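What follows is a single structure, written as structure tokens, with notes after it.
A short reminder: the numbers here are calculations on the coordinates, not readings from a lab. On a predicted model such as this, the values are computed, not experimentally measured, just so you know. Glycine gets a Cβ as well: all are built from the backbone with ideal geometry, and neighbour counts include every protein chain shown.
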């Protein structure tokens, strides 16, 4: 199962804001055996969002978007995703009911913009998919009186439309994790790392040997600059737990005596 | 002038390592009036690198790659870029001379892998493009005895092939900045921000008004969660300095009395 992430936001491309959502998403996915394989960062641009979602949703099993959902003119993700699904946005009755209840008589057209989702989108909570009918809408708006009411996440088919604000993104990841947990279990990715005092270039023959001996293990090598504690970190990744451990041990034992610093 | 960035590395997609090169590149580019418009993150995969470089170099004025250059099996960026330019990698005589001089009799085949660049690539320093002939190679290797010898950056046409390690990437950015500075001057991007205690939804009519009054200014709005100091940050970006300042001032003056917290 392969996933892609579409990061949407002028503030990311201008370097004003540091991207913070990729890593927590990657960790949630890997724990459920889903590999994040492609991340694309684009501006808050309607045409670009539409085109990118079209391409990514056709090529990956799961797509996550982050950013561009909100009440202002530059929040065009919902419409961009809708167009990529050959549809438009509609007011979701359940979201509209929840927003109406929250703001009461202060509720404006701008607040209700937050209820617009691609036609056909569904609302997800940690407990599962919410139904769309009017009674459920009433039930959900009643939930607002509950202290731990959970704002749902928006999903259309296999595309999750998530907020860009990192705190909000992380809350929604709990819903994603719950949905993946309801799927048939896939073996999670596991990872081992060996830290050594040998410089990377001198390790090449040994790394080539472990790559050849363990073709099912993904081997990475990362030299460290400006750090006295080690010179090279060699990583072992994959789904087959026993093979990962075996490859890391094999590599560690093959290092020159005294040059293994630690294993993680 | 539009730029794209290709981030290459399994460690980025797995969430093991936090990406750290986008922001410093964006800042260098914006200061020289170049907008970063697309960032793509992919694995250390030869075919993926080739395909992505083909697409991005055809669509953008400048392309930067980050990562996947080094001596090990997973460092395939040089070959991927070479193939995207319909060529192969060759040992650059100048780089080979520098490496040979640095390692002396300890120099191995693995060290010399670091001298492989796409056929046709050039070496850049803060002082300009280095020539390729043998005498220059001797001169450059002589430079190794100089305390501040500068390891050159590799460029082929308008594609810069930069290292992934953030410390090394930043060193190379000085070379990129120097190259851009030799180009005809473009107006740099400027940015202003107004911080207000008004919540984003209530700001929508005012934001729409400033967007309409200043169509040449890029207006962004960012609600802040879990921060007591302000509710919404509204940003004004573009190349026309006077217009940016005017738009920010216009917006600040139009806010409800007492709700402007600060301007930056």
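In 10 Å bins starting at zero, report the fraction of Cα pairs in segment A:83-123 per bin as a rounded %.
Going out from 0 Å in 10 Å bins, segment A:83-123 shows 31, 48, 19, 3 percent.
Looking only at other chains, what is the average number of their beta-carbon atoms within 10 angstrom of each beta-carbon in B:36-45?
Numbers: counts 6, 7, 7, 8, 5, 11, 4, 5, 2, 1.
Average per residue, whole number: 6.
What is the helix-to-structure angle for B:241-254, meaning the angle in degrees between its Cα long axis and the longest Cα principal axis of chain B, kept from 0 to 90 and rounded to the nearest 10?
Roughly 30 degrees between the two axes.
Once both axes come from the Cα atoms, what is the angle between helix A:46-59 and the longest principal axis of chain A, in degrees from 0 to 90, rounded to 10?
Long axis of A:46-59 versus the principal axis of chain A: about 60 degrees.
Counting other beta carbons within 10 Å of each residue's own, what order do B:19, B:157 fall into, fewest first?
On the way: B:19 24, B:157 13.
In increasing order of surrounding Cβ atoms, one gets B:157, B:19.
Could you list B:226, A:85 so that the one with the fewest beta carbons within 10 Å of its beta carbon is first and the one with the most is last? Write out the running numbers ahead of the final one.
Working: B:226 7, A:85 18.
So the ranking, lowest neighbour count to highest, is B:226, A:85.
Closest beta-carbon to the A-to-B rotation axis: which chain A residue owns it, and what is the separation in whole Å?
A:40, 3
Hey, in the GNM for chain B with a 10 angstrom Cα cutoff, which one of B:234, B:204, B:76 fluctuates hardest?
B:204
Placing a label point 7 Å from Cα toward Cβ, how far apart in nm is residue B:126 from its equivalents in the other copies, listed shortest first to one decimal?
Ordered by increasing distance: 5.2 nm.
Rounding to the nearest 10 and keeping the result within 0 to 90°, find how far the Cα-based axis of helix A:134-143 lies from the longest principal axis of chain A.
For A:134-143 against chain A, the angle is about 70 degrees.
Hey, got the average number of other protein chain Cβ atoms within 10 angstrom for residues in A:7-20?
Numbers: counts 2, 0, 2, 7, 5, 5, 11, 13, 10, 11, 3, 5, 6, 1.
What the average comes to for A:7-20 is 6.
Taking 8 Å as the Cα distance limit and 6 or more residues as the minimum spacing, I'd like the relative contact order of chain B as a percentage.
Values: 463 pairs, mean separation 46.1, N = 264.
Value for chain B: 17 percent.
Say each of residue A:54 and residue B:47 gets a label point 7 Å from the Cα, pointing the same way as Cα to Cβ; how far apart are those two points in nm?
2.4
For peptide B:21-31, compute the average count of partner chain beta-carbon atoms within 10 Å of each residue's beta-carbon.
Values: counts 0, 6, 7, 1, 1, 5, 3, 1, 3, 4, 0.
Across the residues of B:21-31, the mean count of other-chain Cβ atoms within 10 Å is 3.
Per the Cauchy relation, a quarter of the hull surface: what is the mean projected area of the convex hull of the alpha carbons in segment A:179-223, in nm²? If you can, show how the numbers build up before the last one.
Working: hull surface 18.1 nm².
Quarter of the Cα hull surface area: 4.5 nm².
Two decimals, Cα atoms only, Kirkwood Rh: what is Rg/Rh over chain A? Working shown, then result.
Numbers: Rg = 22.7 Å, Rh = 20.9 Å.
Across chain A, the Cα-based Rg/Rh ratio is 1.08.
What gaps in nm, shortest first, separate residue A:109 from its twins in the other copies when you place the label 7 Å past Cα toward the beta carbon?
Spelled out, the distances from residue A:109's label point are 7.2 nm.
From the square roots a ≥ b ≥ c of the eigenvalues of the alpha-carbon gyration tensor of segment B:40-128, which class results: rounded (a/c under 1.5), prolate (a/b over b/c), or oblate? Walk me through the numbers before you get to the answer.
On the way: a/c = 2.29, a/b = 1.61, b/c = 1.43.
Since a/c reaches 1.5 and a/b is larger than b/c, the shape of segment B:40-128 is classed as prolate.
In nm, one decimal, shortest first: how far is the label point of residue A:193 (7 Å from Cα along Cα to beta carbon) from the matching points in the other copies?
The answer, with the shortest distance listed first, is 3.0 nm.
Can you compute the FRET efficiency between residue B:216 and residue A:107 using 1/(1 + (r/R0)^6), with r the Cβ-Cβ distance and R0 = 41 Å? Round to the nearest 0.05. Present the calculation step by step, with values, prior to reporting the outcome.
Numbers: r = 34 Å, r/R0 = 0.83.
Efficiency for this residue pair is about 0.75.
What's the long-distance tail for the protein assembly as shown, i.e. % of Cα pairs beyond 34 Å? Write out the running numbers ahead of the final one.
Values: 63068 of 139128 pairs.
I get 45 percent for the Cα pairs in the protein assembly as shown exceeding 34 Å.
Sorting B:160, A:151 on the 10 Å Cβ count, fewest up front, what's the list? Each step should come with its number before you reach the end.
Values: B:160 25, A:151 15.
Going from sparsest to densest Cβ surroundings: A:151, B:160.
With a cut-off of 8 Å between alpha carbons and a minimum separation of six or more residues, what is the relative contact order of segment B:36-133 in percent? Numbers along the way, then the final one.
Values: 108 pairs, mean separation 24.2, N = 98.
Worked out over segment B:36-133, it gives 25 percent.
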